[in-house]
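Note sheet for the following structure.
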Amino acid sequence: MASRIGMSTLTVLVVGGGGREHALCLGLAKSPSVTAVHCSPGNAGTSMVASNHNVSSSDIEGIVSLALELDSNLVVVGPEAPLVNGLADSLRDAGISCFGPHSEGARLEASKLHAKEIMKSLGVPTGGHIVVDEKSLIPNALDKFEAPWVIKRDVLAAGKGVTVTSDRKVAEEALLEGIELDGFVLLEEHLSGEEASVLVVMDESGYICLPASQDHKRVGEGDTGPNTGGMGAYAPAPIVSESVMHRVTREIIEPMHHHLRNQETPYRGCLYLGLMIDEEGAPGVIEFNVRFGDPETQVTIPLISSDMGQLLLACAEGRISEEEYEFHDLCAATVVLASEGYPASSSTGRKISGSEVKIEEGMTSAFVHYAGTIIGEDGQLISSGGRVLSATGLAPSLNDAVAASYELIECIQLEGSHYRSDIAYRAL
Ligand code: AMP
Ligand code: GLY
């Protein structure tokens, strides 16, 4: 089935409906090789650059039928859950190229224990861990690591299954709750340093590392308060210097690629490295994800100057090593506008205005990536989720990219909404 599609012939279906999928649709719509972009279920933003369809990303059969109906050359899967549930397997069985790993590959994200075991067997740097499956083992397990303790449920929990605490009582409670809910829970060694994300587009023939980024997971200024899906991001992240990237490649990407390329069904998609970089520049893996990050994608895809359609199709067909790729010499920042109450709850159904503003001044630009949004019957833009949209700035310097994002977000009105005012503070 592998064939090099000529220019301007690709029909691509993007699965998902967040800011990440809007960024993917925008990147694909700009690709010379792509003639049609579809998105399911999509959001208000994707409907401006692609044709939205009303099939949920969790409906595997529905997505396969849609891809066949559209005569898609390529399906790009945004979120992890459909990959874990076998969407890529089903698409490939139907003869459709899929960017995103098969369900076995997706276990790297679905099971943190599985990921730890693979890393340990390959000597990939990561913190130690203990499996705790009985209440009586809790005190002993806590004695084995120093505070702060990291407790993780071994389930897909969209970042919400993790407790990091220096309070032994809270740690005990989290361990007990995990045992009660799932039968066992992981206690992990705490890694300290600065976090960074590296998105690696990988297949059995090779891999391409996209510019490193940093997201802001906590809701509050200075990285405080509860975890969220991500309140903003920027790229390239200076913490991942050339020498750090060299170590990431040698110690993490190379062994993972060697492992994944030799599986019965090779891994084809994005391997997201969630890293902690310590004071000496040594990287450790906090987690793997099997898809593009959100909001990291919003600051990474705009930096790719090559044809994204060709790049993702090459990966889906196992020939990424043949692809040439280039990046713009720019920096990107994105600031998320969240609805009232997020992340504990989110108020939806409110009118959004001002988001059509675009900034273009020489090499500096800013535009909106839409997430939890729909277009109402009267054409009015309405909020429909926790993370509503993000303002993304591009500029030759990070300072100017961040300034452009804030200039744009200040033009947008949504009652009760909030955003962080310190995105990229560690780098500036
Ligand atoms: P995860 O869902 O595994 O990415 O965890 C969510 C967040 O918890 C991460 O982004 C980190 O900020 C924090 N975290 C998770 N594991 C560790 C660890 N072993 N050491 C330090 N922080 C961690
Ligand atoms: N931004 C974190 C994630 O996509 O998992």
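In the distance distribution for the range 139-272, Cα-Cα pairs more than 23 Å apart total 50 percent.
For the set ARG426, ARG218, solvent exposure ranked by accessible area (probe 1.4 Å, protein chains only) runs largest to smallest as ARG426, ARG218. Between the beta carbons of ASN54 and ASP143, assuming R0 = 51 Å, the FRET efficiency works out to 0.45 to the nearest 0.05. Coordinate range of the alpha-carbon atoms in the range 237-356 per principal axis, descending: 50, 38, 34 Å. Taken over the C-alpha atoms, the chain has Rg and Dmax values of 20.9, 64 angstrom. Take the Cα pairs of the range 160-239, get the Kirkwood Rh, then feed it into Stokes-Einstein at 37 °C and 0.692 mPa s and tell me D in µm²/s. Translational diffusion coefficient: 212 µm²/s. The stretch between HIS258 and GLN380 holds 38.9 nm of extra length on full extension. This uses 0.36 nm per residue minus the Cα-Cα distance.
The convex hull drawn around the Cα atoms of the range 1-98, when projected onto a plane and averaged over every direction, covers 5.5 nm². Remark: the GLU180-ASP93 segment gains 27.5 nm on full extension, using 0.36 nm per residue and subtracting the alpha carbon distance. Taking every pair of Cα atoms in the range 306-428, average 1/r, invert it to obtain the Kirkwood radius, and report Rg/Rh to two decimals. Dividing the radius of gyration by the Kirkwood radius yields 1.06. Label separation (SER121 vs LYS358): 4.9 nm, computed from points 7 Å beyond Cα along the C-beta direction. Applying a DSSP loop filter and a limit of 16 other Cβ atoms within 10 Å to the GluC sites (Glu not before Pro) in the range 331-389 leaves GLU340, GLU356, GLU377.
What FRET efficiency do you get for SER243 and TYR425 if R0 is 22 Å and r is their Cβ-Cβ distance, rounded to the nearest 0.05? Step by step, r from the Cβ atoms, then E = 0.40. Kindly flag which residue pairs out of LYS116/LYS169; LYS30/LYS351; LYS30/LYS358 have an alpha-carbon separation exceeding 22 Å in this structure. From the list (LYS116/LYS169; LYS30/LYS351; LYS30/LYS358), the Cα-Cα distance tops 22 Å for LYS116/LYS169; LYS30/LYS351. Extension gain for GLU407-GLU279 works out to 42.7 nm (0.36 nm per residue, less the C-alpha to C-alpha distance).
To the nearest 20 Debye, how big is the dipole of the range 284-428 about its Cα centre, given +1 on the beta carbon of each Lys and Arg and -1 on that of each Asp and Glu?
540 debye
Can you tell me what share of the DSSP beta bridges in the chain is antiparallel? A percent to the nearest 5 is fine.
80 percent
With unit charges on the beta carbon (Lys/Arg positive, Asp/Glu negative), name the residue among ILE409, ALA424, SER384 whose Cα is farthest towards the positive pole of the charge dipole of the range 277-426. Result: SER384, furthest along the dipole toward the positive end. The 3J(HN,Hα) values that the Karplus relation (6.51, -1.76, 1.60; θ = phi - 60°) gives for the range 60-66 are, in residue order, 4, 4, x, 5, 4, 4, 4 Hz. Gly and Pro appear as x.
Be a star and scan the range 299-340 for residues whose amide nitrogen sits under 15 Å from the point 7 Å along the Cα-to-Cβ vector of THR265. Label zone hits: 316-318.
Relative contact order for the range 47-203: what is it in percent, counting Cα pairs under 8 Å that are at least 6 residues apart?
It rounds to 17 percent for the range 47-203.
Candidates GLN263, MET308, ILE320 compared by Cα position along the dipole of the range 225-380: farthest toward the positive end lies GLN263, with charges placed on Cβ. Compactness of the range 80-121 is given as radius of gyration and Dmax, 11.4, 35 Å, from Cα positions.
Taking the Cβ-Cβ separation of ALA157 and PHE327 as r and a Förster radius of 30 Å, what is the calculated FRET efficiency to the nearest 0.05? For ALA157 and PHE327, the calculated efficiency is 0.35. Dimensions of the range 212-274 from C-alpha coordinates, computed as largest minus smallest value along each principal axis and given longest first, are 44, 28, 15 Å. Working from label points 7 Å from Cα in the Cα-to-Cβ sense, the ASP223 to THR9 distance is 4.8 nm.
Entry note, the chain: the mean residue ellipticity at 222 nm calculated from DSSP H runs of n ≥ 4, each adding -39500 (n - 2.57), is -7500 deg cm²/dmol after division by the residues and rounding to the nearest 500.
The values are calculated or read from the model by the stated rules, or taken from the named source; none is laboratory data. Remember, predicted model here, so these are calculated numbers, not experimental data. So basically every Cβ, Gly included, is an ideal-geometry build from the backbone, and we count neighbours across all protein chains shown. All accessible areas refer to the heavy atoms of the entire protein, side chains included, with ligands and DNA or RNA removed. Shrake-Rupley method; radii C 1.70, N 1.55, O 1.52, S 1.80 Å.
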